[in-house]
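Structure record follows, encoded as C-alpha cells.
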Amino acid sequence: MAPPSLTQKSHVKPAIKMSSTLALNTKVNEMVASGQPVYHLGFGESRFPVHPKILDAFRKHATVRSYLPVAGLRELRENVAAYYRRKFGIAAHADRVLVGAGSKSLIFAALYALEGDLLLPQPSWVSYETQAYLAGKSVTWMPTHIENDYCLTAEGLRQGIESAREAGQSPQILVLNSPNNPSGVIYAPDTLAQLAEVARAEDIIIINDEIYGLTAFEVNHTSIAPFYPHRTVITGGLSKHLSLGGWRLGVAVLPEGPLGVDLFGYMSAVAGAIWTTPTAPVQYAAVVAYSDDSELDAYVQTCTKIHSYVTQYLYGVMRALNVPCPKPSGGFYLYPSFDPWRDTLAQKHGVHTSQDLAHFLLEEEQIAALPGSDFGDAPHHLRLRLATSYLYGLDDTQAEEVLAIYQQGLSPLEFVERACPRLVEVGERFRSFVRGLG
C-alpha cells in the first residue's frame, strides 16, 4: 500500500503546549550530556534522598502488583485526612480524599469534572492553562502586580469575573497556588479571606494547589479551605517536601457537603478511565509518609530550611542588584523582573521579550531559566522564573554531603559557601550580567 500523500489533511488536533519546565529540563540534560556547562535554574525538583522509613516501606511492598482501589488505599486516605487536619486545620475526611498519579492528574480530573470556565492569576504555573483547554474550558487571565507580590486580590478577582462574563464565558472555577510557583510567595490569610468572600458571593469553586504547603519558610502556609470549606478542592502530594516527584503520588482533599460527594464520584470515574490507580508500592510507602511521625517531620523541616537558605541567598543577590523581585516564602522559586534595563537589553543585545532574555542568559551566561511568558505573563515583561533546587545535591551522595554540612550549625551564608558552590557561581554570573547593563 502506498504511503499517504504529504498533502493529506492531518487527523491530529492542533498542537497544545508542551510543559515548558519539562521541555527545558530535556534541553539542559542534552547540553550536559554533550559536555556543555550549564547552571540549571529552570526545573523545580527537590533532590534530597528518600527518607529511610519511606524507602523501607516501599521495599517491603515492592512485590505488590495487584490493582488497588481506584480512590487509593483506605489506610492511606485515612492518614492523608488526619495529616491535613493536623498540619493545616482542615476538616478532611477519608471519604473525601482521592489519591492520584501525581497532583497534576487530580487537578485535571477536577477541571474536567467541574462545569464552567477557568479564572487564572497571571502569572500561574505552566500546566493549568493547558489542562483547562484539554477539558474544553476557556481561560481568563487576571493580571497581578509586584506591589502585591504577584498575588491575586479580591478586586482583581472581581474584575476577572466581570471580564470573563463580558467575553461570553461562564467563569466558575479559580485555581490558586500557594506557596506560589513561579514567585515563591505565600498568600496572606487576610488576602485568602477576601478572595473567599468574593468567591462565595459569585459561587466560584476554588482549586487550591498546595503542593508546596510543607516547604513554607519565613511565614506559615495557610489554606483557603477553612475560609471556604464547601467550595474548595485542595491538591497536594509527596513530590516537593519529601523529594519524591518521580514516584507520582498526589492527593486531593475534596470539599465538605454535596459538592465533595459529587466530585469524588466523578473524579474517581476519570481516574478509573485514565490511570486506574497509583503504583501499589508507592501507595504503601505513602501510608508511612503521611503518618504522624516526628522523625519524618524533622526531616521535612531540615530540607525546608536548606531550601530557605539557598533561595534566600539568590534573593539577596537580586535585591543587592536592585532587581525587582518579591521575597520568596516557600518552595524554591524566585520571580525577578529585569524591566528596569529594558532599553539597554534591547539596544545592546536585541532582547525584547522574556523569551529573548531566557535565551540570552542560556547562551551567554550558561544560566537556564524559564521566561515569564511561559507562565502566562505578558511577553514584553522581562521576568524570569528561577528555580534553585538543581544547584546543589545533584545525586544522593552530594545531597547527603549537603545535609551533613547543614548539621554543623553554620550560618546561612557559611552553609551556602561550603555546600552550594554552584549557587555562589550563579550569583556571580548574575552580578556580572546586571552590572554589564550599567
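The values are calculated or read from the model by the stated rules, or taken from the named source; none is laboratory data. Predicted model, so just to flag it, every value in this text is computed and none were measured. Neighbour counts are summed over all protein chains in view; Cβ atoms, including those assigned to glycine, are modelled from backbone coordinates with ideal geometry.
Hey, could you check segment 292-333 for residues that are more than 19 Å from Gln407 (Cβ to Cβ) and among the aliphatic types (A, V, I, L, M) and say which is surrounded by the fewest Cβ atoms within 10 Å (Cβ to Cβ)?
Ala320
Return yes when Val50 is assigned to a helix (DSSP H, G or I) and closer than 23 Å to Gln398 by Cα and no when it is not.
no
Regarding segment 247-256, can at least one residue be identified that is part of a loop (DSSP other than H, G, I, E, B) and either in contact with a Cys (Cβ under 9 Å, 6 or more places away or on another chain) or farther than 28 Å from Thr279 by Cα (or both)?
no
Which of the residues belonging to segment 357-373 are touching a Leu at 6+ places or on another chain (Cβ under 9 Å), under 17 Å from Val28 (Cα atoms) and not hydrophobic (A, V, I, L, M, F, W, C)?
Residue satisfying the conditions is Pro371 alone.
Is there a residue being in contact (Cβ under 8 Å) with a residue 24 or more places away in the chain, among the hydrophobic types (A, V, I, L, M, F, W, C) and either buried (at least 20 other Cβ atoms within 10 Å of the Cβ) or not in a helix (DSSP H, G or I) (or both) anywhere in segment 346-354?
Among the residues of segment 346-354, at least one is in contact (Cβ under 8 Å) with a residue 24 or more places away in the chain, among the hydrophobic types (A, V, I, L, M, F, W, C) and either buried (at least 20 other Cβ atoms within 10 Å of the Cβ) or not in a helix (DSSP H, G or I) (or both), which makes the answer yes.
Would you confirm whether any residue within segment 229-237 is among the β-branched types (Val, Ile, Thr), within 14 Å of the chain's Cα centre (by Cα), under 20 Å from Ala82 (Cβ atoms) and surrounded by 23 or more Cβ atoms within 10 Å (Cβ to Cβ)?
Scanning segment 229-237, I find at least one residue that is among the β-branched types (Val, Ile, Thr), within 14 Å of the chain's Cα centre (by Cα), under 20 Å from Ala82 (Cβ atoms) and surrounded by 23 or more Cβ atoms within 10 Å (Cβ to Cβ), so the answer is yes.
Select from segment 91-116 the residues that are crowded, with 20+ Cβ neighbours inside 10 Å and outside any helix (DSSP H, G or I) and list them in ascending order.
Result: Ala92, Val97, Leu98, Val99, Gly100, Ala101, Gly102, Leu114.
Within segment 172-203, which residues are of a type outside the set (Gly, Ala, Ser), surrounded by 21 or more Cβ atoms within 10 Å (Cβ to Cβ) and outside any loop (DSSP other than H, G, I, E, B)?
Residues satisfying the conditions are Ile173, Leu174, Val175, Leu176, Asn177, Leu192, Leu195.
Looking at segment 355-381 only, could you name the residues that are touching a strand residue (DSSP E or B) at 6+ places or on another chain (Cβ under 7 Å) and assigned to a loop (DSSP other than H, G, I, E, B)?
Correct list: Gln366, Ala369, Gly376, Asp377, His381.
All but one of (1) at pLDDT 95 or above; (2) farther than 19 Å from Val233 by Cβ; (3) touching a strand residue (DSSP E or B) at 6+ places or on another chain (Cβ under 9 Å) hold for His145; which doesn't?
(3)
Check off (1) in a helix (DSSP H, G or I); (2) hydrophobic (A, V, I, L, M, F, W, C); (3) surrounded by 14 or more Cβ atoms within 10 Å (Cβ to Cβ) for Leu384 and give me the number that stays unchecked.
Failed condition: (1).
Here is a list: Ala269, Ala225. Which entry is more than 29 Å from Gly156 (Cβ to Cβ) and either over 18 Å from the mean Cα position of the chain (by Cα) or surrounded by fewer than 20 Cβ atoms within 10 Å (Cβ to Cβ) (or both)?
Ala269
Given Ile206, Ile211, Ile234, which one is part of a loop (DSSP other than H, G, I, E, B) and in contact with a strand residue (DSSP E or B) (Cβ under 6 Å, 6 or more places away or on another chain)?
Answer to the selection: Ile211.
Looking only at segment 369-378, decide whether some residue is under 17 Å from Gln312 (Cα atoms) and touching a residue at least 24 places away in the same chain (Cβ under 8 Å).
no
When you look at Gly42, is it outside the structural domain of Glu256 (by TED's automatic domain parsing), closer than 26 Å to Asn220 by Cα and either touching a residue at least 40 places away in the same chain (Cβ under 8 Å) or not in a helix (DSSP H, G or I) (or both), yes or no?
Criteria met by Gly42.
Could you tell me whether Val323 is at pLDDT 95 or above, under 16 Å from Phe430 (Cα atoms) and not assigned by TED's automatic domain parsing to the domain that holds Pro182?
Criteria met by Val323.
So, restricting to helices (runs of 4 or more DSSP H) that lie completely within segment 387-438, which ones have at least 2 residues that are aliphatic (A, V, I, L, M) and closer than 25 Å to Glu364 by Cβ?
421-435
Exactly one condition in (1) under 17 Å from the mean Cα position of the chain (by Cα); (2) modelled with pLDDT under 95; (3) among the charged types (D, E, K, R) is not met by Glu364; state its number.
(1)
Hey, could you check segment 1-39 for residues that are of a type in the set (Val, Ile, Thr), modelled with pLDDT of 70 or more and assigned to a helix (DSSP H, G or I) and say which is farthest from the chain's Cα centre (by Cα)?
Checking each candidate, the answer is Val32.
Check whether at least one residue in segment 254-265 is among the β-branched types (Val, Ile, Thr) and either touching a Phe, Trp or Tyr at 6+ places or on another chain (Cβ under 9 Å) or more than 21 Å from Ala110 (Cβ to Cβ) (or both), and report yes or no.
Scanning segment 254-265, I find no residue that is among the β-branched types (Val, Ile, Thr) and either touching a Phe, Trp or Tyr at 6+ places or on another chain (Cβ under 9 Å) or more than 21 Å from Ala110 (Cβ to Cβ) (or both), so the answer is no.
Give segment 141-159 a look and list any residue that's outside any loop (DSSP other than H, G, I, E, B) and surrounded by 21 or more Cβ atoms within 10 Å (Cβ to Cβ), or say none.
Met142, Leu157
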